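Some notes on the structure that comes next.
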Amino acid sequence: MSTLRWTSLICIAVLAGLLAACSDQHSSSSTNSTNAVSGSATNTAAVPRQYYQVKGLVRDVKPDTKTVVIKHEDVPGYMPAMTMPFDVRDTNELRGLQPGDTVSFRLVVAGNDAWIEQIKKLGSAPPEAVAPTPQARPEWRIVRDIEPLKEGDLLPDYHFTNELGQAISTSQFKGQAFAFTFFFTRCPYPTFCPLMSNNFNDAARKLLARPDAPKNWRLFTISFDTEYDSPVALKNYASRYPNYDPARWNFLTGDLVEITAIADQVGETFWHEGPSITHNLRTVVVDAQGRIQRIIPENKWTSDELVTELVRAAQAKP
C-alpha cells in the first residue's frame, strides 16, 4: 500500500475521532444544560400557582420588611375579606403608596408561599375610611385582670381543651419547656396560620431526630375561633401534619375569656371582621420553670430558631 494511501487513512481516522469527541462533548454539554434548566424549572414551576385579582385599602406600608397592610375585599373561592399584611417580592411595588390609597393587586399563592404583585393605585379613600379598624369584640365581656407579660415573667395558669377533648392547664407542664402560638383552622393564607403550623411540624421533626435533644418539650397551637374550632375540628386539622403526636403537640380551644387573656398578655390581637378573623401573630417560648423565655412577633422566625429556644428552655431548673 502506498505511503500516500496510509497517510490518507490515518488522517481520516484522526478526523473521525475528533468529530466523535466533539460530538460526545456537545452531547454531554447539551444534557447538562438541559438538566440545569430542567432543575431550575422544577424549583420554580413545579409548585402550582394560584392567581387572584383583588382590590383593597392600604392601611400601612413597610418597605423595610417588604410588606403592606391592606384591608382587602372578599377573594371568592379562597378567603373572606379581612385586614392583613402581604409580602411583596420587589420593594418598588410599594413606591408611592400611602395609607388611604385604594389599590388593585394580584395575589399569588404557591404552595407554602404567597405574595402580591402588580399593585396599582386606583385612588384615595376619604379620611374616615383610613381610621384604624376597630376591634369588633363585644362592648362588654368578662375578662381576666391581667398585665402584659415580658420575658422572665411567670406565665399564669390557663385552662384549655385539647383536640382529644381533654381538659388541660399550663401549670401541669411545669418542668417542661413548651412553645405556643395562635391560629384558626379556616385561615388559608400560607404565610400566616399555616406557616405557624408548618414551623411547629418542622420543629417537632428536628427535635425528635436529634439524639441529644431534651425529652421535656411540648408544643401548643391555640385557636381563637372558639365557635368553629371544636376538638373534632382541631383533631381533623392536626392530622394533616406528619409529625403531629398528641404526646408532644396539642391543638387547643376553650373559653374565649381564657384565650383572650393569654393572647392579650403576649401581644396577640384578634377580632372578627365580617365572617373572618383578623389577627397578628405571636409565638411564645416558656422555659421549664414556667417563665416566659421569648416572645416572637410576626412570622419571620424559622423552625431552627424555635428548636434552639426550646433546647435552651428545657435546661432551666424547675
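The values are calculated or read from the model by the stated rules, or taken from the named source; none is laboratory data. Predicted, not measured: the structure shown is a model, and the values here were computed from it. When we count neighbours, we look across all protein chains shown, and the Cβ atoms used for this are built from the backbone with ideal geometry, even at glycine.
State whether one or more residues within region 173-184 are closer than 30 Å to Arg49 by Cβ and in a loop (DSSP other than H, G, I, E, B).
Yes, there is a match, as at least one residue in region 173-184 is closer than 30 Å to Arg49 by Cβ and in a loop (DSSP other than H, G, I, E, B).
Do the conditions hold for Thr260, that is, is it assigned by TED's automatic domain parsing to the domain that holds Arg210 and under 21 Å from the mean Cα position of the chain (by Cα)?
Considered against the rule, which asks whether it is assigned by TED's automatic domain parsing to the domain that holds Arg210 and under 21 Å from the mean Cα position of the chain (by Cα), Thr260 comes out as no.
What's the number of the condition Ala233 fails, among (1) within 18 Å of the chain's Cα centre (by Cα); (2) at pLDDT 95 or above?
Among (1) within 18 Å of the chain's Cα centre (by Cα); (2) at pLDDT 95 or above, Ala233 violates only (1).
Condition check ((1) on the phi < 0 side of the Ramachandran plot; (2) over 23 Å from the mean Cα position of the chain (by Cα); (3) surrounded by 16 or more Cβ atoms within 10 Å (Cβ to Cβ)) across all residues:
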residue	(1), (2), (3)
Phe184	yes, no, yes
Tyr189	yes, no, yes
Arg205	yes, no, no
Pro211	yes, yes, no
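So which residues in region 109-121 are of a type in the set (A, V, I, L, M, F, W, C) and surrounded by fewer than 17 Cβ atoms within 10 Å (Cβ to Cβ), if there are any at all?
Hit for region 109-121 is Ala110, nothing else.
Hey, among Thr253, Thr278, which residue is under 19 Å from the mean Cα position of the chain (by Cα) and hydroxyl-bearing (Ser, Thr, Tyr)?
Thr278
Take the residues in region 253-281 that are in a helix (DSSP H, G or I) and of a type in the set (A, V, I, L, M, F, W, C), then tell me which one is surrounded by the most Cβ atoms within 10 Å (Cβ to Cβ).
Top of the filtered list is Ile262.
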